[in-house]
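K.L.:
Let me begin by handing over the structure; questions about it come next.
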Amino acid sequence: MTTAQPADRPLSDPRDAVAELARLVFGTTTMDAMLQRIADLAKELISGVEDASVTLIVNDKPGTAACTGGLALDLDESQYGLGHGPCLEAAVGEEIREITDAREETRWPDYARTAVERGSLSSLSVPLPVREGIHGGLNLYAVEADGFDDDARHMSRVFASYAAVAVHNMHLYESTRDQAEHLDTAMKTRAVIEQAKGILMSQRRCDAEEAFALLAAASQRSNRKLRDIARAIVDGVTASDGQWK
Amino acid sequence: MTQRGSQDAESPMTIAERFAVAVARSASDLPGVELLPERLARACAEVLPVDGAGISLFFASDRRLPLGASDDQAAVTERLQFTVGEGPCLTAHASGRPVVAQEAEIGSRWPAFYDELVTRTAVRDIISLPLVDETRGFGALDLYLVPPNDVRAVALSDALAVASEVVSVFSRAGRADRDREGPAWLDAPAAERRSLVWQAMGFVNAGLEISSDDALALLRAHAYSEGLQLDDLAVQVLSREIPLERLGFDRDQAS
């Protein structure tokens, strides 16, 4: 770590990390990629971090959405398995939970034993409030006891608050996009069913109701969705070779 | 609570607030969920100094679905644009920008639409605003003006504020309907009527053995040359009032 290139300069300010997060452009990235970036940046930014991870609790089921390595994943999962531990308490209780020395930890003795065995004597779990209904937490694991000083604690709290905003915006974006796709699909589906009805009306010389009944019956018989049957009929008739029945 | 009246007098409601009030008030006249777009269109026409408003969505590149209009004339104007396949609304959607068009401009930019517009409606100026959420443009809000009103009376900032309210009402309503096959307001009467055009497309696909694009183009051309609205022609084709041979004849002549 002598006079490093600017690109190699270690992140020292949460604002640098936030700028990094801001560089992730909605529409070209995913929530998973963003959470991974948050874990990576946390490890880079906060001194003492051996491994970092992001826990999300959706419908009361905790899971590790991103991690920088196996240590974090193992320790997260052992807490999920036990049903308690600092990372769960931080995510649900929205308060920081710290283990300064796992060998002397009394709040979660069984989890602390695992942490010692796996080689992490201290950890910091910071809440990452995503939105109503989804609890999140940023977990930082250190090898040594007392791995985090006041600076690190402060940095992790500031970084987590910025990260939460980025995650929240990403979530809004994704839910708007899902809704948009849902609407688009609904309009296309309706149109293709109507078009297929028109094809059947022409071919079978029937009315719209009878055409729909034909589609519904075909869907029942073949155990395929009505919209897929309709799509196949439209594709069949409009194929360029003019093969149609 | 008692201070409210005096407070209102000092700070009048914003256009967005007036819009919300107008939408809420119309709920008793048009209670059905599928009538939400019509309520929104009426509220637009009520709070902005315009003579009519229409809301439509776009899908599959060139398909357009009218959802609601404030009145018959607004509904007719939308159908004319759809029939001729050009107009300020389509341009607003394609460009993603508001289009503010006075009569002379409509005449020069969209001549076919203009002919129909002046023949069949009293509308002369049109403002068309893209409906855009965080991810994409999905529709347009059209505002129609009848002389002596013209576009100069409409503050674009007000119109844009109303368009953004329309977007947020739709997105709230869309979230509520997540698990259905599309939001309830896709069953709007105007949309149901447009669905007959998709049906007629299929009818022409099969009857004349042509592609979907050609079928739509043929229906459009016939409607235009006969002075019919595409939605009305669709009904006549499907009821076999207009034999397919006659549409086919148009096609042969055109080529």
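K.L.:
When you look at residue B:191, is it more than 10 Å from chain A (Cβ to nearest Cβ), touching a residue at least 24 places away in the same chain (Cβ under 8 Å) and not polar (S, T, N, Q), yes or no?
P.N.:
In short, no.
K.L.:
Checking residue A:14 against (1) at pLDDT below 70; (2) more than 16 Å from residue A:128 (Cβ to Cβ); (3) touching a helix residue (DSSP H, G or I) at 6+ places or on another chain (Cβ under 8 Å): exactly one of these is not met. Which one?
P.N.:
The single condition residue A:14 does not satisfy is (2).
K.L.:
While we're on this one: Quickly run through segment B:212-250 and pick out the residues that are small (Gly, Ala, Ser) and either more than 11 Å from chain A (Cβ to nearest Cβ) or outside any helix (DSSP H, G or I) (or both).
P.N.:
B:217, B:221, B:223, B:225, B:227, B:239, B:248
K.L.:
Check off (1) in contact with a Leu (Cβ under 9 Å, 6 or more places away or on another chain); (2) surrounded by fewer than 16 Cβ atoms within 10 Å (Cβ to Cβ) for residue B:243 and give me the number that stays unchecked.
P.N.:
Failed condition: (1).
K.L.:
Just wondering, is there one or more residues in segment B:204-211 that are surrounded by 22 or more Cβ atoms within 10 Å (Cβ to Cβ), modelled with pLDDT of 90 or more, assigned to a helix (DSSP H, G or I) and more than 10 Å from chain A (Cβ to nearest Cβ)?
P.N.:
Within segment B:204-211 (the criterion being surrounded by 22 or more Cβ atoms within 10 Å (Cβ to Cβ), modelled with pLDDT of 90 or more, assigned to a helix (DSSP H, G or I) and more than 10 Å from chain A (Cβ to nearest Cβ)), the answer is no, since none of the residues qualifies.
K.L.:
So which residues in segment B:64-75 are outside any helix (DSSP H, G or I) and surrounded by fewer than 18 Cβ atoms within 10 Å (Cβ to Cβ), if there are any at all?
P.N.:
Matches in segment B:64-75: B:71 only.
K.L.:
Take segment A:96-138 and flag every residue that is surrounded by fewer than 22 Cβ atoms within 10 Å (Cβ to Cβ), closer than 30 Å to residue A:169 by Cβ and out of contact with any Pro (no Cβ under 8 Å at 6 or more places or on another chain).
P.N.:
A:129, A:131, A:132, A:133, A:134
K.L.:
Looking for something surrounded by fewer than 17 Cβ atoms within 10 Å (Cβ to Cβ) and either out of contact with any strand residue (DSSP E or B) (no Cβ under 8 Å at 6 or more places or on another chain) or more than 8 Å from chain B (Cβ to nearest Cβ) (or both) - is there at least one such residue anywhere in segment A:187-202?
P.N.:
No: zero hits.
K.L.:
Would you check if residue A:156 is of a type in the set (Ser, Thr, Tyr), assigned by TED's automatic domain parsing to the domain that holds residue A:128 and over 20 Å from the mean Cα position of the chain (by Cα)?
P.N.:
Yes.
K.L.:
Given B:180, B:172, which one is more than 9 Å from chain A (Cβ to nearest Cβ) and either modelled with pLDDT under 85 or assigned to a helix (DSSP H, G or I) (or both)?
P.N.:
B:172
K.L.:
Related question: Does any residue of segment B:191-202 turn out to be at pLDDT below 90 and β-branched (Val, Ile, Thr)?
P.N.:
No, there is no match, as no residue in segment B:191-202 is at pLDDT below 90 and β-branched (Val, Ile, Thr).
K.L.:
Shifting gears a bit: Could you pull out the residue among A:167, A:143, A:158 that is crowded, with 22+ Cβ neighbours inside 10 Å and on the phi < 0 side of the Ramachandran plot?
P.N.:
A:167
K.L.:
When segment B:131-154 is examined, which residues are found to be away from chain A (no Cβ under 14 Å) and within 25 Å of residue B:60 (Cα to Cα)?
P.N.:
Hits for segment B:131-154 are B:140, B:141, B:142, B:143.
K.L.:
For segment A:20-62, give me each residue that is β-branched (Val, Ile, Thr) and crowded, with 22+ Cβ neighbours inside 10 Å.
P.N.:
A:38, A:46, A:49, A:54, A:55, listed by residue number.
The values are calculated or read from the model by the stated rules, or taken from the named source; none is laboratory data. Note that the coordinates shown come from a computational prediction; the quantities given were computed from them, not determined experimentally. For neighbour counting, all protein chains shown are included, and Cβ atoms are generated from backbone atoms with ideal geometry for every residue, glycine included.
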